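Below is one structure, written out as C-alpha cells; the observations come after it.
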Amino acid sequence: MNKRAIECVFGSFRNDFINIKKLECADKYKISLYLCLIDGISNFSLPSEKKNRNRFISTLKKFSDWTDGRLISIQQLNAFIHSDVKDIDELKCLATEEMSIFVKSRLFPTDETLAVSGFTAISQVDIKSEEIITLWNKYASDNGKLHKAYIDQFSHFSLLYELRNNLIHSFQNCSGASYGIYNEPGYKVVNIASNSEEQLVSGHRVELVYPLTFIEKVTERVLVNTQSYFESNDIDVLQYIDESEVWRMQ
C-alpha cells in the first residue's frame, strides 16, 4: 500500500515534469516551472524544515547530484563587493588589489580568455567557501572572522534559489539567457565594448548562466532521487499530504 502511495505522489510530479518538458515557450517560463516543481518536491523531501529557502537549498544538496552546487560564484561575490549594497563591511577588505588579481586569474586563467571563448563553466572558475575564507585570513586577518554561512550565500545552491525568487516574485530572469546553446552553468561575456580584461572584471560584463537543459536535468534528478529515498526507507508519504480544502490563511 505504501509503495503504491509513493508511486501515486511522485507519479503526479513526474507527469508535471513531462508536461513542462513538452511546452513550447521561452526558456524563462519553463525554468520557472521546473524550479516550482523542485519547490513542491522539497515539501516531501524535507517536511520538517519550515523555512522555504532552507528546504529548497537542502533538497538540492541532498538529491540533485550537483557536485558543483557548493562552489562559490566568484563573479557574483566580486559584483557584490563592488556594489552599493550597505551590508558588506565584512567583505570590504576582499576588494583589495590582491583579491582583484585573484578574481582576474580565475575568470581569465589562460591566453584562451573568457573574452575570446565567450563561455567558461563554473567548474573551471569557482571555488569552495573554505578557499574564500583562506583568502580572507591571508589578506584581511585583522578584520575579524568571516563566517562560512555568510559566504555560502554566493554558492550556486543558494543562487539557484535566488533565481527562483526573481522569476516567481519579479518575473525576472536574473541569470543570462541560455538560448539552448549551453549544457552546464557557466559565465559568458556580454556587451563587449572593449577587449580590456580589467574592464570586463570590474564593469560587470561577465554574466552567470543557468541553462534550461541544466535546470531540466537537476529537476529530474531531484524527482528520481527523492522517490528512491522514500521507497528505500519505506516512508509513509501520506503523512505529508494536507487534505484541507481551506485556502485562506489560518
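Read the figures in this text as sums done on the coordinates, not as results from a lab. Quick caveat, the model's predicted, so the values are computed rather than measured. Positions of Cβ are backbone-derived with ideal geometry, glycine not excepted, and every protein chain shown enters the neighbour counts.
A few remarks follow.
- Cβ-derived FRET efficiency at R0 30 Å, ASN19 paired with GLU49, nearest 0.05: 0.65
- J(HN,Hα) series, the range 208-213, from Karplus relation 6.51 cos²θ - 1.76 cosθ + 1.60, nearest Hz, glycine and proline x: 7, 10, 10, x, 4, 4
- Across the range 21-38, computed HN-Hα scalar couplings (Karplus, 6.51 cos²θ - 1.76 cosθ + 1.60, θ = phi - 60°) run 4, 7, 4, 10, 7, 5, 3, 4, 5, 5, 4, 4, 5, 4, 5, 5, 5, 4 Hz from first to last residue, x flagging Gly and Pro.
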